[in-house]
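The values are calculated or read from the model by the stated rules, or taken from the named source; none is laboratory data. Only a predicted model underlies this, so the values are computations on that prediction, with no experimental measurement involved. Quick reminder, even Gly has a Cβ in these numbers, built from the backbone with ideal geometry, and neighbours come from all protein chains shown.
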Amino acid sequence: MSRVCELTGKGPITGNNVSHANNRTRRRFLPNLNDVTLMSETLGRTVKLRISAAALRTVDHRGGLDGFMAKARESELSARALKIKKEIEKSLTAA
């Protein structure tokens, strides 16, 4: 399982551990990923995703999964999230 947020594309970045003697060793900064179940009002069902804590706050701020997907860039979304976005758009145009 990769350490990448399915909604924002946020992944590991690299940096340095710096000791008191200013010795530098490489390290990885991992995103704070959580397995969450989000409700889609348009689809009428829940969706399980692995997203970062920052993305979860953004989903809440934009009014839920449907609001987030409406504004999300397709280049940042994972394949599963892109499929969900297409389902939501299709459901909105049919209704």
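Restricting Asn16, Asn34 to residues that are over 29 Å from Ala94 (Cα atoms), touching a helix residue (DSSP H, G or I) at 6+ places or on another chain (Cβ under 7 Å) and modelled with pLDDT of 95 or more narrows the list to Asn34.
Could you list, in sequence order, all residues of segment 1-54 that are in contact (Cβ under 8 Å) with a residue 24 or more places away in the chain and assigned to a strand (DSSP E or B)?
Our first condition is that a residue be in contact (Cβ under 8 Å) with a residue 24 or more places away in the chain; within segment 1-54, this holds for 1, 3-10, 30-31, 33, 38-43, 47, 49-52, 54.
Of everything in segment 1-54, those that are in contact (Cβ under 8 Å) with a residue 24 or more places away in the chain and assigned to a strand (DSSP E or B) turn out to be Leu33, Leu38, Met39, Ser40, Val47, Leu49, Arg50, Ile51, Ser52.
Filtering segment 55-68 to residues that are within 12 Å of the chain's Cα centre (by Cα), farther than 13 Å from Ile84 by Cα and surrounded by 15 or more Cβ atoms within 10 Å (Cβ to Cβ) leaves Ala55, Leu56, Thr58, Val59.
Return yes when Arg45 is modelled with pLDDT of 95 or more, within 17 Å of Gly11 (Cβ to Cβ) and among the basic types (Lys, Arg) and no when it is not. So Arg45 fails the test. When Lys48, Lys83, Lys71, Lys90 are checked against the criterion of being over 12 Å from the mean Cα position of the chain (by Cα), of a type outside the set (Val, Ile, Thr) and under 22 Å from Met1 (Cβ atoms), Lys83 stands alone in meeting it. For beta carbons closer than 9 Å, sequence separation of 6+ or different chains, a first residue in segment 78-91 that is surrounded by 14 or more Cβ atoms within 10 Å (Cβ to Cβ) and outside any helix (DSSP H, G or I) and a second that is hydroxyl-bearing (Ser, Thr, Tyr) and at pLDDT 95 or above, there are no qualifying pairs.
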